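Nothing in this text is a laboratory measurement; each read-out follows from the coordinates by a stated rule. Quantities reported herein were computed from a predicted structural model and do not represent experimental measurements. Methodologically, a virtual Cβ is constructed for each residue, glycine included, from the backbone with ideal geometry; neighbour enumeration extends over all protein chains shown.
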Amino acid sequence: MDGDPDLCIGGAWRHACDGGTRDIINPANGAVAAVVDEATPQDALDAVAAARVAFDQGGWRATSVAERSALLHRIADLLQRDKEDLARLETVDTGKTLAESRIDIDDVTSVFRYYANLVASEAERVVDAGDPAVISRVIREPIGVCVLIAPWNYPLLQMSWKVAPALAAGCTMVAKPSEVTPLSTIAFAKLLDEAGVPPGVVNLIQGSGATLGPALTDNPQVDFISFTGGLATGRTIARTAAEHVTKVALELGGKNPHLVFADIRDAGRESGWDAAVDHVLTGVFLHSGQVCSAGTRLIIEESIADEFVADLAARAATIRMGDGLDPASETGPLVSAQHRDKVESYVRLGISEGAQLIAGGCRPEDPVLAGGYFYRPTIFDRCDRSMRIVQEETFGPILTVERFTDEAEAVTLGNDTEYGLAAGVRTTDTARGERVVRALRHGTVWLNDFGYYTAAAEWGGFGRSGNGRELGPTGLAEYQEIKHIWHNTAPAAAGWFTG
Ligand code: NAD
């Protein structure tokens, strides 16, 4: 950024080996926010090689858990010290509001604190081998060199879900943020230097995924690839990595249902109806719908559908769009002109499929927003599950509405997706709530809430939403190999062969 080198390889900051750069665009106004180095495949190979050397020959993997835990706490302290600067970078890069970016940096901090504490409390497991002379132990070791690939919607947050457990486990790594939004990750890598992460343990490159992908994923020096992004990219990576039997964890897209039962009326206006309208609205339109777990499919009981959808449409029309740096803005733009083109093509598709457009469906008219990539919150009523607009991830501010008449139909609709990342259920009937959350085939299910998560609980998808888990103890286990040590304290001949 600003002429400083942006790639960190083997502890040294450097420019791309061919001198290439990329303009980073502020989606709120289309202006160039920064110019950063664009890595070449050779830079990516160098980064993997540096991580390999740091793992095989450096002392990092053998550090004590106490040392690693202390380092993670130091990183958390620095994240809080630099919170405002990091949050501004995230807003300028992604377009999300500053309020959201601040929450992201707090969440990033929590992830480092969580893994600092978890790794310090991990103990080896002693098992009964069935022989009193044998001490049988199961221990965890770092998996090795990790490639960490993150998307653009939560740049530093998604990267932290990978870097924190990888460091806690004692791995070395190459981090590659999205080429669209690398700014916060570059600043974060500088902060890691300051915290005392040894040279070569965290290497940073940025640039086009298609260009750098083969060097990172078709590479026998890599032990583990943790990828968050789209389904098509995930498939390519899994296919490529299979050649080397490299372990891959995929965190992919979602098309997340939000089931609303008519009994919400029983809880009274405020905590029943109004809270449900509010959560459906926030669940789909936060960050202009660019959230993997956005509740983009409203599945609602027929008897309340007309009134509920009318309330939703009225509220959607009042959402204040604007530059994320303006405290008055409630939501920002889409991340790029190209992404807005994709969202617009989905709106045209929805209309051609016969869905009824009842809100949005166009860019805002406000001339102040004309330079940015804004798109109005959009609602399609009278949708059905055969429509592509209902089945495909649009990753924009588009809500589809389907109606049901009984619980079984609601569950069938909620599970009718190739994805399975997240779902919401709103009901005042406790027994029904429990039945439905268990029947839904999704990695996270919110009951009478939507969108929240905690570093202590696993995050990940069923179906084509992925095959890994981040956060929680499983999020650390992804970065660990398991070793069984069989120790015979009274060795004697096996006696199998008698000759
Ligand atoms: P994307 O798949 O286009 O890109 C993700 C990352 O992969 C980027 O860093 C990109 O440069 C890189 N990449 C692209 N092609 C590659 C290749 N051939 N080899 C290696 N790397 C490559 O996704 P995106 O548009 O940045 O992000 C949006 C997607 O991410 C959505 O589908 C969203 O649902 C998903 N997502 C999922 C989660 C989750 O937790 N499951 C969280 C956030 C986002």
What relative contact order, as a whole-number percentage, does the stretch 1-146 give when Cα pairs under 8 Å and 6 or more residues apart are counted?
20
Could you order the peptides 312-321, 158-167, 290-299 from most to least packed, using the average number of other C-beta atoms within 10 Å per residue?
158-167, 290-299, 312-321
The percentage of Cα-Cα pairs in the stretch 74-134 separated by more than 20 Å is 48
Modelled label-to-label distance, ASP23 and SER64, 7 Å Cα→beta-carbon offset: nm?
5.3
Relative contact order of the chain, defined on C-alpha pairs under 8 angstrom at six or more residues apart (%):
18
Binned Cα-Cα distance frequencies in the chain - 20 Å width, integer %:
23, 52, 22, 3, 0
Between 0 and 90 degrees, rounded to the nearest ten: what's the tilt of helix 83-94 against the longest Cα principal axis of the chain?
60
Fewest first, what order do HIS244, HIS258 take by the number of other Cβ atoms within 10 Å?
HIS244, HIS258
Computed FRET value (nearest 0.05) for ILE135 with PHE497, which takes r as the C-beta separation and R₀ as 30 Å:
0.70
What number, rounded to the nearest 500 deg cm²/dmol, is the helix-based mean residue ellipticity at 222 nm of the chain, given -39500 (n - 2.57) per DSSP H run of at least four residues and division by all its residues?
-12000 deg cm²/dmol
Cα-only radius of gyration and Dmax that characterise the stretch 402-452, units Å
10.4, 29
Charge dipole (debye, nearest 20) of the stretch 265-360; +1 at Cβ of Lys and Arg, -1 at Cβ of Asp and Glu:
340
What's the percent breakdown of Cα-Cα distances in the stretch 1-155 across 10 Å bins, shortest bin first?
9, 24, 33, 21, 7, 4, 1, 0
Just subtract the alpha-carbon distance of SER208 and ASP56 from 0.36 nm times their residue separation and send over the number in nm, one decimal.
51.9 nm
Given +1 on the Cβ of Lys and Arg, -1 on the Cβ of Asp and Glu, and no further charges, what dipole in debye does the stretch 37-180 carry about its Cα centre, rounded to the nearest 20?
340
Helix 41-57: angle to the longest alpha-carbon principal axis of the chain, degrees 0 to 90, nearest 10?
50
Considering the dipole of the chain built from charges on the beta carbon (Lys and Arg +1, Asp and Glu -1) around the Cα centre, which of VAL202, PRO142, PHE261 is farthest to its positive end?
PRO142
If I take all pairs of Cα atoms in the stretch 220-289, what percentage of them are more than 15 Å from each other?
67
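Kindly give Rg over Rh for the stretch 434-475, based on alpha-carbon atoms, with the Kirkwood expression for the hydrodynamic radius.
We get a ratio of 0.97 for the stretch 434-475.
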If you plug each phi of the stretch 337-342 into the Karplus form 6.51 cos²θ - 1.76 cosθ + 1.60 with θ = phi - 60°, what whole-Hz ³J(HN,Hα) values come out, in order, with x for Gly and Pro?
4, 5, 5, 5, 4, 5
ILE482 to THR405: FRET efficiency via 1/(1 + (r/R0)^6), r the Cβ-Cβ distance, R0 41 Å, to the nearest 0.05?
0.25
Expressed as a fraction of 2.2 N^0.38 Å, the rule-of-thumb size for a compact globular protein of N residues, what is the C-alpha radius of gyration of the stretch 83-219?
1.27
Where the Cα atoms of the stretch 152-236 are projected onto their three principal axes, how long is each span, largest first, in whole Å?
36, 28, 19
Convex hull over the Cα atoms of the stretch 206-345, averaged projected area in nm²?
12.0
Rounded to two decimal places and with Rh computed the Kirkwood way over Cα pairs, what is Rg over Rh for the stretch 222-263?
1.29
Over the Cα atoms of the stretch 319-420, each weighted equally, I'd like the Debye log10 I(q)/I(0) at q = 0.19, 0.21 Å⁻¹, rounded to two decimals.
-0.94, -1.06
Can you list residues whose amide H is under 5 Å from THR21's amide H, if they're 5+ apart or on another chain and H is modeled 1.01 Å from N?
GLU38
Cross-link partners of LYS162 among lysines (Cα-Cα below 16 Å; sequence separation of 8 or more within a chain)
LYS176, LYS247
Whole-Hz couplings from phi, Karplus 6.51/-1.76/1.60, listed for the stretch 370-377; x for Gly and Pro:
5, x, x, 9, 7, 8, 6, x
Only Lys, Arg, Asp and Glu count, each charged at its Cβ (+1, +1, -1, -1), so figure out the dipole size of the chain about its Cα centre, rounded to 20 debye.
820
Under the 0.36 nm per residue contour assumption, what length would be gained going from the current alpha-carbon distance of ARG388 and ASP429 to full extension?
11.5 nm
How high is the relative contact order of the stretch 439-499, in percent, counting Cα pairs under 8 Å that sit 6 or more residues apart?
21
Nearest 0.05, what FRET efficiency do GLU84 and ALA232 give at R0 = 41 Å with Cβ-Cβ as r?
0.70
For the stretch 381-479, what is Rg from Cα atoms divided by 2.2 N^0.38 Å, rounded to two decimals?
1.16
Equivalent ellipsoid, the stretch 28-76 (semi-axes from 5 times Cα gyration tensor eigenvalues, Å)
32, 21, 5
Report, to one decimal in Å, the Kirkwood hydrodynamic radius for the stretch 356-409 based on all distinct Cα pairs.
12.9
